[in-house]
1. Using a 1.4 Å probe, what is the accessible area per residue for the chain, in Å²?
2. Working from the alpha-carbon coordinates of the chain, get Rg over Rh, Rh being the Kirkwood radius.
3. Could you pull out every residue, at least 5 positions away or on a different chain, whose amide H is within less than 5 Å of the one on residue 117? Hs are placed 1.01 Å off N in the peptide plane, and Pro or chain starts have none.
4. On the protein heavy atoms, probe 1.4 angstrom, tell me the percent of accessible surface of segment 70-226 carried by carbon and sulfur.
5. Against the longest principal axis of the chain, how steep is helix 26-39, in degrees 0 to 90 to the nearest 10, with axes from Cα atoms?
6. Distance between Cα centroids, segment 61-90 to segment 98-125: provide it in whole Å.
7. With the contact rule set at Cα under 8 Å and sequence spacing of 6 or more, what percent relative contact order holds for segment 1-116?
8. Using Cα pairs under 8 angstrom and six or more residues apart, how large is the relative contact order of the chain, in percent?
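The values are calculated or read from the model by the stated rules, or taken from the named source; none is laboratory data. Computed from a predicted structure; not experimentally measured. We place every Cβ from the backbone using ideal geometry, glycine too, and count neighbours over all the protein chains shown. With ligands, DNA and RNA removed, areas are computed over all heavy atoms of the protein, side chains included. Shrake-Rupley method; radii C 1.70, N 1.55, O 1.52, S 1.80 Å.
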Amino acid sequence: MTTPANSTAFSGEVWAELRLADASDVPHIHALIHQMAEFELLTDLFAATHELLTSTLFPSPPRPPLTSFTALILDLSPSPLPASADSTIGSCRLDLSASPLADPEAAAFASPRGGGRVTAGFVICFPNYSTFLSKPGLYVEDIFVRAPWRRRGLGRMMLSAVAGKAAELGMGRVEWCVLDWNKNAIDFYEGMGAEVLPQWRICRLTGAALDKYKGGQEESGKAAAE
């Protein structure tokens with residue numbers, strides 16, 4: 001196997017852990033969001049900063065996981081990772097003996113947890129509510145795996161772990177969005193049992209369209225007419 005310069009080769013057994021993120025993970029979360037924006041051809045919408053991510057995802061005092069905005073990190077390790085009752089959400093073992101891989105960004109994504117770990121993905125999720133079910137649910141804002149580690153079962157492990165936690169908490173559903181051109185993702189989600197709902201459309205107020213409502217600035221007469 002030819003290994004690109006400045007990359008780390010992975011072969012044999014690799015252990016994966018989906019864990020609760022903390023503020024030390026913000027640089028990697030920021031970089032992963034930017035990679036996701038590039039993949040989705042949406043970099044024109046990318047405005048995240050380290051400061052905003054820290055203040056919104058990791059406030060002080062911290063909030064209990066899955067009761068508000070929750071960030072999860074996918075770490076990979078060449079040696080077994082002991083599960084932590086406080087932070088581990090899911091885990092799996094990969095056997096790369098037959099298909100070793102090179103991760104050109106391994107050094108840049110060295111996990112702040114150390115021990116040779118490499119960060120390979122993330123999840124952002126938060127609770128919502130279904131009036132029809134009269135139950136809380138969980139909305140997955142983002143789920144992303146870096147390119148070298150895709151098609152290795154990691155996305156399935158991540159989504160399964162999140163769905164498992166939602167079920168354990170008695171939530172009624174887990175929901176997320178997918179771009180209509182991303183057929184691979186659609187097929188993957190349907191293969192996991194998810195129902196894709198083409199009859200629904202996303203409605204969004206953002207930027208100037210949202211700001212005009214500050215302090216009731218929108219004319220009441222216009223609002224009443226509409």
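1. So the chain comes to 59 Å² accessible per residue, rounded to a whole number.
2. Reported Rg/Rh (Cα atoms, Kirkwood Rh): 1.00.
3. Amide H to amide H, under 5 Å and 5 or more residues apart or across chains, residue 117 pairs with 111.
4. On segment 70-226, the fraction of accessible area on carbon and sulfur atoms equals 53 percent.
5. So the helix axis and the longest Cα principal axis differ by about 80 degrees.
6. Taking the Cα centre of each part, segment 61-90 and segment 98-125 sit 15 Å apart.
7. Averaging sequence separation for qualifying contacts and normalising by length gives 57 percent for segment 1-116.
8. In percent, rounded to a whole number, it is 22.
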